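Inspection log for the structure reproduced underneath, given as structure tokens.
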Amino acid sequence: MLKTLKEYLKQNKKEIDEIKLYFKKCAVEIDRSNLYMLRRSCMYTSIVFVCMLFFAVTCIPGFNVTLGHILMAVMLIAYFFINALIRKRGSISTVQTATVCLLFYFLVGMSFILIEMFSNITNHTRWLPLLLMIFPVLFIDRLYKYVIEELFLIAVYAAISWFFKDPIMFSRDFYTVIAAFILSQLVGRIILGVRSKQGLAMVELRRYSSVDKLTHVYNKGALLEEMDSYLEENRGTNPCAMCIIDVDSFKQVNDSLGHNGGDLLLEHIGKLLLENFRPTDIIGRFGGDEFVVFLPGMKDSQLVELRCRSVQMMLTDFYIGNSEPFSLSIGVIIDEGGHSREELFRMADDALYKSKMAGKNRCTSWVVYNNSEDDLPMMVVASSLKENERDFISKEEKNRFHVFYGGNDDEVISCISQYEENVRLIVVEMRDGTDVGILVLKYVKERERFNHIPILAVCSGEESRKLAVKMGADRVMSAEDPQDLIKNNIGELGGI
């Protein structure tokens, strides 16, 4: 018998843990179910109340409308508008849902108590025990809330009936109410156990259907849904980060190792991503050999880069017969400006393209803002010179353009990516012996989305001039040219 008791307690603890997990994981579904049951309860209660009231008035001699009937009618009218408002809003918070459902149950209980107290005090109680039994069946809530709500109603009933009923009748009715309360808690516990198992089973089924079977991270649909959910709840209020990760030369992997080798590689990458990023990060396979990691609340670019480089480094140790180490190209965006999901993807893809162009097995990280409110068209200047040393850009240009100065290729390309709709002209200062501007020129001309933006190359030296011409700059000038000529070329190329 002791062994049986221990098994029961163990099983009971397991069920209680499942119920706790159910409320944690299925809060949205619980709210949706409770609001649905509230609407149905209000509708059917209204129909039954009107029919029985009509029947009582027409068929029962001496029937009088009591305070309980009035309270019931007012409550049902009020809840008609409450339900209409909730449906119009689409959804309300968990606390608001619990409040309107518990208040509905309490008002119905008070109506029944007043009806029974003031219609005929010589009759035994009928409606309150029935209501106590029904409550756990209608609404999903934690057991302690069932207990508090029903004990409060019982206390109100006992206080009123004590003064209005005969002591013997009061004792019998109170016994009936307590028995109904105990049974309702048993029923509630059983139903809650069943609901929790069904709810968690549905969660597991959804999780299984949302996971990529090969890599064990989210599939594309689930990834986008999770991202949209976060961005909708935290639009413009919290920072976030996004990484697009692409396997370098994946076609060659499939050609040399076969599709089974490619699958093993993708599976291992999924494992590395799950191990190196936070449990709260949203990791998914976007398609083929491309992965996406979305990091809610993240604003530390160095930390994200560190995690990405750890994955790149660990992947080099993975061997399945490959002649060269596997590598990844990664584009990272740290967003502090409340960009949309589409904008994040676009900019992260631009960062990834830059990593590919820079030689693969690279991680390009950009912090992006949304603080440009200038109505002027933008001119982006790539130069290794300090701002006060850039003689080829006159101070008057700030009256015609919003001028952005970038001292390296990364700064310039990230600016172009973020403000591409505003960028009217790119000025590249190219000096013999320096690499600044070369990658910008190459990137813009090769990237189809940007190659419509004109580029003015201002060169200091014959070598850089030849290189600018070869790389396809729209206009090539010398830093020694008159400033008026440079100004005219800037206005002509910028459409001003």
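Relative contact order of the range 443-496: what whole-number percent is it, with Cα pairs under 8 angstrom and at least 6 residues apart?
It comes to 33 percent, rounded to a whole number.
So what is the relative contact order for the chain, in percent, with contacts set as C-alpha pairs under 8 Å and at least six apart?
9 percent
Which of the lysines could a cross-linker bridge to K213, judged by Cα under 27 Å and excluding same-chain residues fewer than eight apart?
The reachable lysines, counting only those whose Cα sits under 27 Å from K213, are K24, K25, K197, K251, K271.
At a 10 angstrom cut-off on C-beta neighbours, averaged per residue, how do the peptides 468-481, 130-143 rank from highest to lowest?
130-143, 468-481
What ranking of H402, H69 comes out by heavy-atom accessible area, probe 1.4 Å, highest first? Display every interim value, and only then the final one.
Working: H402 60, H69 20 Å².
Putting H402, H69 in descending order of accessible area: H402, H69.
Of the listed values [x] 37.2; [y] 26.4; [z] 33.1, grab the one calculated as mean projected area of the Cα convex hull in nm² from the structure here.
Computed from these coordinates, mean projected area of the Cα convex hull in nm² corresponds to label [x].
Could you work out how far the C-alpha centroid of the range 447-472 sits from that of the range 267-336, in angstrom?
Result: 34 Å between the Cα centres.
Straight-line reach only, C-alpha to C-alpha below 27 angstrom: list the lysines that K470 could link to, leaving out same-chain residues fewer than 8 apart.
K470 reaches K354, K356, K360, K386, K442, K445, K487.
What is the extension gain from N370 to F250, computed as 0.36 nm multiplied by their sequence separation minus the C-alpha to C-alpha distance, in nm to one decimal?
Working it through step by step, the gained length comes to 39.7 nm.
Out of all DSSP beta bridges with both ends in the chain, state the antiparallel percent to the nearest 5.
Antiparallel bridges: around 45 percent, rounded to the nearest 5.
Write out the chymotrypsin sites (Phe, Trp or Tyr not before Pro) in the range 262-347 meeting two conditions: DSSP loop, and at most 13 other Cβ atoms within 10 Å of their Cβ.
Here the sparse-neighbourhood loop sites are Y319.
Between D474 and E233, what is 0.36 nm times their sequence separation minus the Cα-Cα distance? Round to one decimal in nm.
On the way: separation 241, 0.36 × 241 = 86.76 nm, distance 4.46 nm.
Net length gain for the segment: 82.3 nm.
Which helices count as membrane-span-like in the chain under these terms: full DSSP H, at least 18 Å along the axis by C-alpha, Kyte-Doolittle mean of 1.6 or more?
Qualifying helices, which must be both long enough and hydrophobic enough, are 94-119.
Setting aside same-chain residues fewer than 8 positions from K10, which aspartates and glutamates have a Cα under 13 Å from its Cα?
E18
Residues of the range 26-48 with backbone nitrogen within less than 16 Å of a virtual label 7 Å along the Cα-to-Cβ line of T58, please, listed as ranges.
Label zone hits: 47-48.
How high is the relative contact order of the range 276-400, given as a whole-number percent (alpha carbon pairs under 8 Å, six or more residues apart)?
Relative contact order, the range 276-400: 20 percent.
Residues of the range 35-53 with backbone nitrogen within less than 13 Å of a virtual label 7 Å along the Cα-to-Cβ line of R126, please, listed as ranges.
Inside the label zone: 52-53.
Using label points projected 7 Å from each Cα along Cα→Cβ, tell me how many nm separate K6 and K88, to one decimal.
With each label placed 7 Å out from Cα toward Cβ, I get 6.1 nm.
What is the magnitude of the charge dipole of the chain about its Cα centre, with +1 placed on the Cβ of each Lys and Arg, -1 on the Cβ of each Asp and Glu, and no other charges, expressed in debye to the nearest 20? Intermediate values should be presented prior to the final figure.
On the way: 56 positive and 63 negative charges, 597 e Å.
For the chain, the charge dipole is close to 2860 debye.
For the residue pair N451 and E463, what label-to-label distance in nm results when each label sits 7 Å from Cα along the Cα-to-beta-carbon direction?
Each label point lies 7 Å from its Cα, and together they span 2.8 nm.
Between D317 and L214, how high is the FRET efficiency from 1/(1 + (r/R0)^6) when r is the Cβ-Cβ distance and R₀ = 25 Å? Nearest 0.05.
Efficiency computed from Cβ-Cβ geometry: 0.75.
Between A179 and W162, what is the spin-label point distance in nm, taking each point 7 Å from the Cα along the Cα→C-beta axis?
The answer from the label model is 2.3 nm.
For S171 and K398, calculate 0.36 nm times their separation in residues minus their Cα-Cα distance, and state this gained length in nm to one decimal.
Value of the extension gain: 72.7 nm.
The values are calculated or read from the model by the stated rules, or taken from the named source; none is laboratory data. Since the structure is predicted, the reported quantities are computational estimates derived from the model, not experimental observations. Glycine also receives a Cβ, built like all others from the backbone with ideal geometry; neighbour counts cover every protein chain displayed. To get the accessible areas, we keep the full protein, side chains included, count just its heavy atoms, and leave off ligands, DNA and RNA. Shrake-Rupley method; radii C 1.70, N 1.55, O 1.52, S 1.80 Å.
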